[in-house]
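Engineer: Pasting in a structure now, in structure tokens, and then I'll have a few things to ask.
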Amino acid sequence: MHAYGQENNQTCIDCHKGVAHFAPQAKLDTSAFDHLFDMAKNTKLDAEKVYPIENIKMSDLAIINPTVELTTVSAKDKTRTVTVSGFQMKGAESVIYMGEGQRSIIATLTEKGIKALTLGEATTDAYGNEWRSAELTGTIDAPVLASNQPLWDYAEELDNVYCSTCHAKIPANHFTVNSWGPVAKSMGARTDISALNLEILTKFFQNHAKDVANHK
């Protein structure tokens, strides 16, 4: 990055906005998050795909992370039966990951949830880890959105406030899914971002990461 900066006549403060002066204070409009719940009121009960705004319970089977895509199986009386799909790694049976080799947790399972999984055939990656597809079906009654775009719009606002306030904007496809996790965690610790907002922001980066963007 230093070589790039020199070639483009940049100085330190083109990327690091707090080097030569006090860093700008991050200010988030909290009404933007509340608006997501207002939008969720318009989500049709039988919407084919739905996306949680925050961590939600899937009956007594799992906790589903925000922004995760869920497929509606049936719906009745404000309760949806949905399926979450991802991958399980041998040795980490209590979670479902976003993709094979992609360690972005989309669901944390109870003992009952582990037993209720529908699993595919195992394959071994280049590092010797065994992965297999995993699906779990259960009920939810929490507010959800019919599109993930409002969540990504909110995440970009979080990026502008908590990331780009202090340094140059880093595109989501700059890192891989697995790289974004520790990067977001370490940088988030330097701010007062809430745990939920950091999770939404991390999921945004991971869903648009270098090894995802070209496959969607």
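Engineer: Taking the Cα centre of segment 83-216 as origin and charging only Cβ (+1 Lys, Arg; -1 Asp, Glu), how large is the dipole, in debye to the nearest 20?
Structural biologist: 220
Engineer: Then there is this: In sequence order, what are the phi-derived ³J(HN,Hα) couplings for segment 75-87 according to the Karplus relation 6.51 cos²θ - 1.76 cosθ + 1.60 with θ = phi - 60°, rounded to whole Hz, with x for glycine and proline?
Structural biologist: 8, 6, 6, 6, 10, 10, 9, 10, 10, 10, 10, x, 9
Engineer: What is the Å³ per residue value for the convex hull set by the Cα atoms of the chain?
Structural biologist: Values: hull volume 29.9 nm³, N = 216.
So the per-residue Cα hull volume is 138 Å³.
Engineer: Roughly how many Å is it from the Cα centre of segment 85-109 to that of segment 34-76, as a whole number?
Structural biologist: Centre-to-centre distance over Cα atoms comes out at 19 Å.
Engineer: Based solely on its DSSP helices, what 222 nm [θ] is calculated for the chain when runs of n ≥ 4 H residues each add -39,500 (n - 2.57) and the sum is averaged over all residues, nearest 500 deg cm²/dmol? Intermediate results must be reported in sequence, preceding the final value.
Structural biologist: Details: 8 runs with 65 residues, N = 216.
The helix-only estimate for the chain comes to -8000 deg cm²/dmol at 222 nm.
Engineer: On the protein heavy atoms, probe 1.4 angstrom, tell me the percent of accessible surface of the chain carried by carbon and sulfur.
Structural biologist: That share works out to 51 percent.
Engineer: Now, a different point. What accessible area per residue, rounded to a whole number of Å², is obtained for segment 61-156 using a probe radius of 1.4 Å?
Structural biologist: Per-residue accessible area for segment 61-156 comes out at 49 Å².
Engineer: Another question, then. Along the three principal axes, how long is segment 46-165 when you take its alpha carbons, biggest first, rounded to the nearest angstrom?
Structural biologist: Projected onto its principal axes, the Cα set of segment 46-165 covers 43, 39, 21 Å.
Engineer: Using alpha carbons only, what's the Rg to Rh ratio of segment 113-184 with Rh from Kirkwood?
Structural biologist: Radius of gyration over Kirkwood radius for segment 113-184 works out to 1.09.
Engineer: Here's something else I'd like to know. Taking 0.36 nm per residue of sequence separation and subtracting the Cα-Cα distance, how much length would be gained by fully extending the chain between residue 63 and residue 93, in nm to one decimal?
Structural biologist: Result for the pair: 9.4 nm of gain on full extension.
Engineer: Also, I was wondering about something else. Counting only Cα, what are the radius of gyration and maximum Cα-Cα distance Dmax of segment 30-110, in Å?
Structural biologist: For segment 30-110, the Cα radius of gyration and maximum Cα-Cα distance read 13.7, 41 Å.
Engineer: Stretched out fully, how many nm does the piece from residue 111 to residue 44 gain, at 0.36 nm a residue minus the Cα gap?
Structural biologist: 21.0 nm
The values are calculated or read from the model by the stated rules, or taken from the named source; none is laboratory data. Because the structure is predicted, anything quoted here is derived from the model rather than measured. Positions of Cβ are backbone-derived with ideal geometry, glycine not excepted, and every protein chain shown enters the neighbour counts. Remember, those area values only see protein heavy atoms, side chains included, never the ligands or the DNA or RNA. Shrake-Rupley method; radii C 1.70, N 1.55, O 1.52, S 1.80 Å.
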